[in-house]
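Remarks on the structure that follows.
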Amino acid sequence: MNRVYNFSAGPSMLPLEVLQKAASELVCYGESGMSVMEMSHRSPDYEAIINDAEAMLRKLMNIPDNYKVLFLQGGASTQFAAVPMNLIGRTGKADYVVSGQFSGKAFKEAQKLGYDVKCIATTKEDNFDHVPEVTKDMVRPDASYVHICFNNTIYGTKYGYIPETGDIPLVADMSSCIISEPVDVSRFGVIYAGAQKNMAPAGLTLVIVREDLLDYAEEKMPTMLEWKTMAENGSMYNTPPCYAIYMAKLVYEWILSIGGLDEMKIRNEKKAALLYDYLDNQDYYVAPVKKGSRSMMNVTFVTGDADLDKKFASEAAKAGLKNLKGHRSVGGMRASIYNAMPYAGIEALVAFMKKFAEENPKK
Ligand SMILES: *Cc1c(COP(=O)(O)O)cnc(C)c1O
């Protein structure tokens, strides 16, 4: 077996134990005589899988009873439309914070649908090198919700705090930081995430929504986007992404087995600290993100020379450190170090960075 350290932003690494467990029951799951991929989603075997997945996620994230957990499809990007269609009925308007590309897309999608949406804060003029300061007085008092992207995958920024929005529900895209550390779910009205960054293979989208927010959906909206319908049908209004949900269950099980999100956070902090400490104590690479906004999951850095950046990514790949090239829209490098990235992967990366800096002096 020759597995590399895969720093891809998503789809990304899955825990080796999870892949091995899935492999061991790929062809025949338990006593069922078939693969999970071949199972009816209405069968008792599959019902146990999806019920366990939900129960484990509830335990892991300490999700209060008045929240529904939905296993959907369409990616986080589909929720950019589903969020306003489900919630704007509260008051007819909504506020957005634009802290990077995905939150910008979410804002644009709501605009495209013709809704009264307002960007109440952005850090665009600073190249998104930090997240905006969001305070309660910035929010329109009659907004249906405030939308934020909690961890900005492309720029490598994250909120170091949960914005206070009073009675107005906070909606957060947590695609790239979900289950990386404990988070107080009760502070949010809705949390959503594409699974392929930190939870499962692509194809699954998670929505966690407070029950009282299920009553504002547009009458004329696609049924498939309606959270209430999905909640009433236990995420089985139609065929759910069965195998991805099974994989998510194995990931939740793995995190619970190592000590839950408290332990996950300790490990993730230790990994991020190793990389940021190195970046802070040398002058070959520059980490563009301001200190209070640094992401624990996506670490961005540049050499300051586009050719060297390119060389870095290609030589790193040859050394078994894959997918370190930054997002096509920003360049430079990005190390995505989600839950499944072991500490040894960061040690290998830092060792490579030192070697590369020595061997490639700047002109
Ligand atoms: C990757 C990502 C998305 C897009 O997710 P899809 O599942 O591909 O639609 C949206 N938001 C954030 C924060 C992401 O990291």
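The values are calculated or read from the model by the stated rules, or taken from the named source; none is laboratory data. Being a predicted model, the structure only gives us computed values, none of them experimental. All Cβ positions, glycine included, derive from the backbone under ideal geometry; neighbour counts span all protein chains shown. These accessible areas exclude ligands, DNA and RNA; they are computed on the full protein's heavy atoms, side chains included. Shrake-Rupley method; radii C 1.70, N 1.55, O 1.52, S 1.80 Å.
List the DSSP H helices in the chain whose Cα atoms stretch 20 Å or more along the helix axis and whose mean Kyte-Doolittle hydropathy is at least 0.5. Walk me through the intermediate numbers first.
Numbers: long enough: 44-61 (25 Å, -0.17); 242-258 (25 Å, 1.19); 260-280 (30 Å, -0.71); 343-359 (24 Å, 0.42).
Helix filter hits for the chain: 242-258.
Projected label points at Arg187 and Asp116, each 7 Å from Cα along the beta carbon direction, are separated by 3.0 nanometres.
Couplings 3J(HN,Hα) for the stretch 206-222, derived from phi with the Karplus relation 6.51 cos²θ - 1.76 cosθ + 1.60 (θ = phi - 60°), are 9, 10, 10, 10, 5, 3, 5, 9, 8, 9, 10, 5, 4, 5, 9, 10, x Hz, where x marks Gly and Pro.
Given the pairs Lys68/Lys290; Lys271/Lys354; Lys291/Lys311; Lys112/Lys220; Lys21/Lys310, which are separated by over 25 angstrom at their Cα positions?
Those over the limit are Lys68/Lys290; Lys291/Lys311; Lys21/Lys310.
Using a simple spin-label model with pseudo-atoms 7 Å out from Cα toward Cβ, Glu263 and Ala351 lie 2.6 nm apart.
Expressed as a whole percent, the accessible surface of the chain that belongs to carbon and sulfur atoms is 49, based on a 1.4 Å probe. Taking amide H as placed 1.01 Å from N in the peptide plane, Ser99 has its amide H under 5 Å from the amide H of Gly104, Cys149, each at least 5 places away in sequence or on another chain. Comparing Glu218, Glu125, Glu38 in a Gaussian network model of the chain, where Cα atoms under 10 Å apart are tied by springs, the biggest mean-square fluctuation is seen for Glu125. Across the stretch 17-257, C-alpha contacts under 8 Å between residues 6 or more apart give a mean separation that, scaled by the residue count, equals a relative contact order of 27 percent. For Asn298, the amide hydrogen comes within under 5 Å of the amide hydrogens of Ile337, counting only partners 5 or more places away or on other chains and with H modelled in the peptide plane. With both residues required to sit in the chain, DSSP beta bridges show an antiparallel share near 55%.
Go through 74-81, 221-228 and give me the packing order, highest mean Cβ count within 10 Å leading. Please list the in-between numbers first.
Working: 74-81: 20.4, 221-228: 16.8.
Those peptides, ordered most packed to least, come out 74-81, 221-228.
Near Ala348, once Lys and Arg are set to +1 and Asp and Glu to -1 for all other residues with Cβ below 14 Å from its Cβ, the sum equals +4. Across the stretch 165-315, the relative contact order, built from alpha-carbon pairs under 8 Å that are at least six residues apart, equals 17 percent. Taking 7 Å steps out from each Cα toward its Cβ at Asp142 and Glu253 produces label points 5.2 nm apart.
With helices as the sole contributors, the chain gives -11000 deg cm²/dmol at 222 nm; each DSSP H run of n ≥ 4 counts as -39500 (n - 2.57), and the sum is divided by every residue.
Solvent-accessible area per residue in the chain equals 44 Å², computed with a 1.4 angstrom probe and all protein chains kept.
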